Every structure is written in structure tokens, then in C-alpha cells.
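*Asks:* One structure is given below, represented as C-alpha cells, and several questions about it will come after.
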Amino acid sequence: MRVHHTSVTVQGDEHIEISDVTKIVRTAVHESGVRCGIAIANALHTTCALFINEFQAALVEDLKAMVGRLVQPDAAGHRHDDPRYSDCERGNAEAHLGTALLGRSIALAVNDGELVLGRFQSIIFAELDGPRQRAITIQIVGE
Amino acid sequence: MRVHHTSVTVQGDEHIEISDVTKIVRTAVHESGVRCGIAIANALHTTCALFINEFQAALVEDLKAMVGRLVQPDAAGHRHDDPRYSDCERGNAEAHLGTALLGRSIALAVNDGELVLGRFQSIIFAELDGPRQRAITIQIVGE
Amino acid sequence: MRVHHTSVTVQGDEHIEISDVTKIVRTAVHESGVRCGIAIANALHTTCALFINEFQAALVEDLKAMVGRLVQPDAAGHRHDDPRYSDCERGNAEAHLGTALLGRSIALAVNDGELVLGRFQSIIFAELDGPRQRAITIQIVGE
């Protein structure tokens, strides 16, 4: 049995930004030497998300719009008052809530040395309170 | 250590349809011969969901109603314009967004050769843009 | 390879209550003797949630407020009619729906015998239809 641990960092340019990190996780799988097993990836933060969906420009806008609508940053009168990373006027509660809705962890099968992903599936990283450096850990167990 | 990989397909009859796939995952666990370990199941798509809840007719209707409300297919003016599978008039952004909210992956313990599930827990598959054939992979590691 | 299984129970005082269960999962990891691997924790119920975020009093209130808003217990006319645990007047559909949105499972890396969590990350248990005793299973595989 083999257990492989990798930690990578990602950083965007915008306060809210959605990017495709599939290649990063795929590279970790290749480096692990695991042919068959399970890979999990976790963002080590509470105001960014990690999930699987199609990575397509228009859909990214739809995702941002939905999350914005559901966490209601302006109307909800959030109590959490940590300053936002790039804007001290308001707290960052909406980023925490978006993380709670989208999740910050994925678990995938590894077969024949490759991540098992569907044709339209990408591993998506959503920065919800940036831009800042974020750590993602990738753990792979198998043989 | 044993790693067991299975791929199954599911197909419903409706554009949006929620079904109980517990038995499918349970059968894969039995066939794996793993007595103690971890099982993960992933839908290999971006417009259907896999999660755990009670499978009960009235609750299924409540789930559909909530997802419909949160993704707001009519009012939100989604930008993503892939045609819906069974209705070419509108894009299927709402199915992608529903998948992002519900998740498309589960991770469960296996003990004594059985999935560890609570009394009211079922593994639920939610088709959000069907009907079409969908692949679910089940990966089991343990001994 | 080592597979370690633990089952713990948690119980709060309120109908809806959010608590930090990080220590419980951390203790299970220590007791497992696993130095390097994967830990998953699952709530064995359909009306409570398990997820990772910052555990902070004001944010807990924001989370409760958001879930309450999204599941719309009063306006949505839910069909599911199981009696709520502590209030027989209405069904508990909103608790099932909150569970579907927040998730009831986490998967984390274990390194050097410790859970890999970010500085502000806690494992959070959200009782959505209590107070009652709830079972959480923790499964750890590794070496």
C-alpha cells in the first residue's frame, strides 16, 4: 500500500474567481505512482471552494451569480465581521457561506494511474475572498 | 490491501428524476470482497447529483422544489447555453447549478463487508437533465 | 495497511444547534495509530449535517440564517410530513433539505498521525432537527 501526500498553492487575481485545477491534481496522481486507489483533495481554508463541474466561461458566470444570490451579501445583515481580504468595509461572511454551499473537498477514483473523471468534468477551485495564496492538499492511497 | 473498481450505468424516464441507488452501491461492496475500508461513488457527469438522504416520495418532491427555487431557471437569465438534453429551447445551466449544490460524490465506511448507513439513509441519484444514461463509478479500498 | 473504525455519539440541547466536533475526530485519528492516510467521517442521519468551516459564534448565526432562508420552512409548503422531533405541528422537511445543502460527510488527509486541517478550519456538526442523540462514524485507512 502506498500513501502519497502533496500540498500545492494556487493564487488568482480577483476577489472572486473560479479556475480549473484539474491539471494540478492530475500531476499529483502521476507523481504518486499509485495505479489504483482513491485521491482526495482539500482546500485548507474556509472562504474558498473545491468541487467538480464543467469549466466553461458562461457557466462560471452563472455559478458566481447563483452563489451571490444565495449568500445575499447585501441584504442578509450578516453578523460575522472578519474583514474581507481586499475590502475592509464589510465582513466576509458571504465567502464562508458560499464555501459551505459548494464544498471544499473532492474524492475521486484512480485507475490505471489516472484520475477517473467524466468527459465534461473539471476540478474547480472557487476563490470567494481573494486574491490570496491558498493551499490545497492532495492525498492518494492505493497501490 | 484490496482496491476494487466498478462502473455502473443508471437511466431514468424523466427530465428531472430522483432515484434510490443504494442497492447498486451495496452490490458493488459485496462483489469487492472488502470487509473493512472505504467506498466512494462518483457520478461522471456535471448535470446530475449523488448524495445521501431519506428516499421518500414526498421528500423527493420537496427536494426538487427547493433545487428548482435555488437555481431559478426562469428568472436568473443564465448565460450557459448548452442545449438541454430533452428540450432545445433553453440551456441547461440550472442542471449544472443543482449539481454544484447537491454534490455528485459520496464516501462511506465499509464494515463487516457492508456499507455503513443509518436507518433512514439512502444513496440518492438525482437526474437533473435527462433522461439519459449516466455512469457512476464505485471505488472500494480496504482489506 | 490499517483500517480503523470508530462510532461516536453527539447530542445538543437545541432544536437547531451548530457545534465543533473537531476534537472528537482528532481523538479517533490518534487512537487509530494511523500515521499517514485518509479519514472520513459520516453522520448516520438525514436531518443533521457535517462539514468544514470556521467555528465562530457570529458565523454560526449567519449559517443558521442562510439555511433557514434557503429551505424556506414556512413558505414552501413542504410535502414531507414526518413530525419534527421536538414540535409535532409541522413536518421536518426543512431539516432534510438543509442536510442536502450542507452535506453530512467529510474526507481529510492524515499526516504524521494528525488530521490535515487549515488554521481556521473546524469540523462542524449541525443539528437541524434535535435535540437528539446522533451517531457519527469515523473510518481511517492508512499505515
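The values are calculated or read from the model by the stated rules, or taken from the named source; none is laboratory data. Because the structure is predicted, anything quoted here is derived from the model rather than measured. Here Cβ is always computed from backbone atoms with ideal geometry, including for glycine, and neighbour counts include all displayed protein chains. Surface areas here come from the heavy atoms of the whole protein model, side chains and all, with no ligands, DNA or RNA. Shrake-Rupley method; radii C 1.70, N 1.55, O 1.52, S 1.80 Å.
*Asks:* I'm told B:GLY98 meets every condition in (1) under 16 Å from C:ILE140 (Cα atoms); (2) open to solvent by less than 10 Å² (accessible area, probe 1.4 Å) except one. Can you identify the failing condition by its number?
*Replies:* (1)
*Asks:* For the range C:113-128, which residues satisfy the criterion of being open to solvent by less than 30 Å² (accessible area, probe 1.4 Å) and either hydrophobic (A, V, I, L, M, F, W, C) or closer than 19 Å to C:THR27 by Cβ (or both)?
*Replies:* C:GLY113, C:LEU115, C:VAL116, C:GLN121, C:SER122, C:ILE123, C:ILE124, C:PHE125, C:ALA126, C:LEU128
*Asks:* Which of the residues belonging to the range C:1-54 are free of Cβ contacts under 8 Å to residues at least 60 places away in the same chain and at the interface with another protein chain (Cβ under 9 Å from one of its Cβ atoms)?
*Replies:* Selection gives C:THR46 alone.
*Asks:* I would also like to ask the following. Regarding the range A:28-40, can at least one residue be identified that is touching a His at 6+ places or on another chain (Cβ under 7 Å), surrounded by 24 or more Cβ atoms within 10 Å (Cβ to Cβ) and either at pLDDT 95 or above or hydroxyl-bearing (Ser, Thr, Tyr) (or both)?
*Replies:* No, there is no match, as no residue in the range A:28-40 is touching a His at 6+ places or on another chain (Cβ under 7 Å), surrounded by 24 or more Cβ atoms within 10 Å (Cβ to Cβ) and either at pLDDT 95 or above or hydroxyl-bearing (Ser, Thr, Tyr) (or both).
*Asks:* Moving on. Please tell me if C:VAL110 is modelled with pLDDT of 95 or more, open to solvent by 10 Å² or more (accessible area, probe 1.4 Å), of a type in the set (A, V, I, L, M) and in contact with a strand residue (DSSP E or B) (Cβ under 8 Å, 6 or more places away or on another chain).
*Replies:* Taking the combined requirement at face value, the residue does not satisfy it.
*Asks:* Output the number of the condition that A:MET66 fails; it satisfies all remaining conditions of (1) within 12 Å of another protein chain (Cβ to nearest Cβ); (2) touching a residue at least 24 places away in the same chain (Cβ under 8 Å).
*Replies:* It fails just one condition, (2).
*Asks:* Still on this structure, I have one more. Residues of the range A:33-78 being under 26 Å from A:THR9 (Cα atoms) and more than 19 Å from the chain's Cα centre (by Cα), which ones?
*Replies:* Passing the criteria: A:GLY33, A:VAL34, A:ARG35, A:CYS36, A:GLY37.
*Asks:* Hey, can you tell me all the residues within the range A:92-143 that are at the interface with chain B (Cβ under 7 Å from one of its Cβ atoms) and among the acidic types (Asp, Glu)?
*Replies:* If the condition is that a residue be at the interface with chain B (Cβ under 7 Å from one of its Cβ atoms) and among the acidic types (Asp, Glu), then A:GLU143 is the only one that fits.
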